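**Q** A single structure is presented below for examination.
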């Protein structure tokens, strides 16, 4: 949700129209929910062998594939109804969001950094939010899209640290495995790239200095997280570090609003 709100605020140079904000908040919820169900459906055979996920309803057998498909159909129907309130270009872009949500669960079988696919799926919302506001895809939208991809690689690599041994045992690809002892460098690099791209998006949109001050503060915090990864972190710590990124997204959003309104 937060990257789409970044896009709406930057495109509107301040407070976006309320109806667009409402559509994208609800759309983020239903598409993320659909993506989570698709992920659990695709991974149910893997999840049975991972300590953290073996009690998921599909993995445990509490629910079956038919149940999952019915729920996905419901969420996609709701998303389809929401997108009908948007402009024609955004409607044309919406099937790509569904395709990306369907592709992500299989990325870990093919590429070593499936977290990038997650970022692409989440980041597509920034492009759609921009077109819904401006009727065209402009350079700041692509900067926000790329920043979201970098952000997802960073925070989801931290998340994947919880499952590193299980993933190695069952043969699932993961950035936490691929980066190995260089994970802290990789995470720090993608967070740096995220902040640079967010800064470029702000420059292209002629935002005020408060936004850059917020990015600088976020940069210090991200550096602290990256340095924390130089040594092994237990699973609960990794999960807590991952959860903290909701505050990173919120800080970017607040900085954007303040950069235009103050």
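Just so you know, all these numbers are worked out from the coordinates, no wet-lab data involved. What you see is a predicted model, and the numbers here were worked out from it, not measured in a lab. With ideal geometry, Cβ positions are generated from the backbone for all residues, glycine too; neighbour counts draw on all protein chains shown.
**Q** Using Cβ contacts closer than 10 Å as the measure, can you line up 240, 245 from fewest to most?
**A** 240, 245
**Q** Within the stretch 1-45, find all residues whose amide N lies under 12 Å from a label point positioned 7 Å from the Cα of residue 74 along Cα-to-beta-carbon.
**A** Those under the cut-off are 34.
**Q** Something else: Along Cα→Cβ, 7 Å out, is where each label goes; now give me the distance between the ones at residue 231 and residue 45 in nm to one decimal.
**A** Reported label-point gap for residue 231 and residue 45 is 4.1 nm.
**Q** What FRET efficiency comes out for the pair residue 221/residue 62, r = Cβ-Cβ distance, R0 = 41 Å, nearest 0.05?
**A** Computed FRET efficiency for residue 221 and residue 62: 0.60.
**Q** Report the calculated FRET efficiency for residue 54 and residue 99 (r = Cβ-Cβ distance, R0 = 35 Å), to the nearest 0.05.
**A** 0.75
**Q** Calculate the FRET efficiency for residue 209 and residue 92 from the Cβ-Cβ distance with a Förster distance of 45 Å, rounded to the nearest 0.05.
**A** The pair residue 209/residue 92 has a calculated efficiency of 0.75.
**Q** May I pose another question? Specify whether the C-alpha gyration tensor of the stretch 117-262 places it in the rounded, prolate or oblate class, a ≥ b ≥ c being the square roots of the eigenvalues: rounded for a/c under 1.5, otherwise prolate if a/b is larger than b/c and oblate if not.
**A** Prolate shape, in that a/c is at least 1.5 and a/b is the bigger ratio.
**Q** What relative contact order, as a whole-number percentage, does the stretch 2-261 give when Cα pairs under 8 Å and 6 or more residues apart are counted?
**A** 23 percent
**Q** Over the stretch 1-156, what is the relative contact order in whole percent, taking alpha-carbon pairs under 8 Å and six or more residues apart?
**A** Relative contact order here is 29 percent.
**Q** Pull out a ≥ b ≥ c, the square roots of the eigenvalues of the alpha-carbon gyration tensor of the stretch 2-261, then state rounded if a/c is under 1.5, prolate if not and a/b is larger than b/c, and oblate in the remaining case.
**A** oblate
**Q** When you count, for each residue, the other Cβ atoms within 10 Å and take the mean per peptide, how do 132-138, 21-27, 50-56, 195-201 rank with the highest first?
**A** The most tightly packed comes first, giving 195-201, 21-27, 132-138, 50-56.
**Q** Another question, then. Between residue 136 and residue 29, what is the label-point separation in nm under the 7 Å Cα-to-beta-carbon projection?
**A** 3.4 nm
**Q** Sort 231, 164 by Cβ crowding within 10 Å, fewest neighbours at the top.
**A** Arranged by neighbour count, lowest to highest, 231, 164 become 231, 164.
**Q** Kindly rank 219-230, 101-112 from highest to lowest mean number of other beta carbons found within 10 Å of each residue.
**A** For the peptides 219-230, 101-112, the packing ranking is 101-112, 219-230.
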